[in-house]
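Quick notes on the structure that follows.
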Amino acid sequence: MRYLLDTNICIYCINKRYPQLFDKVLLRHQSAGVAISAISKAEMYAGSYRGRSPALFRHEQDEFFSYFPSLPFDDAAADTYGRIHAFLRDRGQLIGVADMQIAAIAMANGMTVVTHDFRGFARLPDLPIEDWMAA
């Protein structure tokens, strides 16, 4: 696997807000490998339970998730998370816990995070990030 999708990219694909994005994600998955983190899945499941049609939202999410492997927050990610948290805290630049966990999973697995939200992730100089919405 080479790319890890951030939650916002998954949401854009499922909502078909940007139809070309889903095609790009599938193409990259076939050529380079794309995965989703268990953290992004948890964020999205939480959203579906709060929605007007939880069963429908969950079905759409599970259908999308079926295309990609899911990476857990394992021991290597936990260690990386600790380094990320300390680095950002020392600089007074903490980001959300979920974003730090997603970044940790990506870094522990040598992956690039695909996101449309550069603000937080860009604070981590060792984390490769790409915005597939920009191109």
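If you take the residues of the stretch 22-69 that are outside any helix (DSSP H, G or I) and without any contact (Cβ under 8 Å) to a residue 40 or more places away in the chain, which of them is surrounded by the most Cβ atoms within 10 Å (Cβ to Cβ)? First the steps, then the outcome.
Narrowing the stretch 22-69 to residues outside any helix (DSSP H, G or I): 32-37, 51-53, 66-69.
After this cut, where a residue has to be without any contact (Cβ under 8 Å) to a residue 40 or more places away in the chain as well, the list is 32-33, 36, 51-53, 66.
Details: A32: 11, G33: 14, I36: 24, G51: 11, R52: 6, S53: 10, S66: 7.
Ranking the qualifying residues of the stretch 22-69, first place goes to I36.
Of these, L88, L56, L27, L94, which one is hydrophobic (A, V, I, L, M, F, W, C) and within 16 Å of L5 (Cβ to Cβ)?
Unique residue meeting the criteria: L27.
If I filter the stretch 70-94 down to residues being crowded, with 19+ Cβ neighbours inside 10 Å and among the aliphatic types (A, V, I, L, M), which single residue comes out as nearest to A35 (Cα to Cα)?
L71
Do we find a residue being of a type in the set (S, T, N, Q), in a loop (DSSP other than H, G, I, E, B) and within 13 Å of S40 (Cβ to Cβ) anywhere in the stretch 92-99? Before you say what the answer is, go through the steps one by one.
If we filter the stretch 92-99 for residues that are of a type in the set (S, T, N, Q), which is where we start, we get 93.
Checking the rest, the ones that are also in a loop (DSSP other than H, G, I, E, B) come to 93.
Keeping just the survivors that are within 13 Å of S40 (Cβ to Cβ) gives none.
Scanning the stretch 92-99 turns up no residue that is of a type in the set (S, T, N, Q), in a loop (DSSP other than H, G, I, E, B) and within 13 Å of S40 (Cβ to Cβ).
Conditions tested, residue by residue: (1) out of contact with any Ser or Thr (no Cβ under 6 Å at 6 or more places or on another chain); (2) of a type in the set (A, V, I, L, M, F, W, C).
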| residue | (1), (2) |
| --- | --- |
| D6 | no, no |
| V25 | yes, yes |
| Q30 | yes, no |
| P54 | no, no |
| E60 | yes, no |
| S66 | yes, no |
| P72 | yes, no |
| D75 | yes, no |
| I95 | yes, yes |
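What are the pairs, 6+ residues apart or on separate chains, where a residue within the stretch 83-107 that is in contact (Cβ under 8 Å) with a residue 40 or more places away in the chain has its Cβ under 6 Å from a residue that is polar (S, T, N, Q) and surrounded by 22 or more Cβ atoms within 10 Å (Cβ to Cβ)?
I102/S37; I105/S37
No lab work stands behind these numbers, since they all come straight from the coordinates. For clarity, every value in this text was computed on a predicted model and none was experimentally measured. Backbone-built Cβ (ideal geometry, glycine too); neighbour counts: all protein chains shown.
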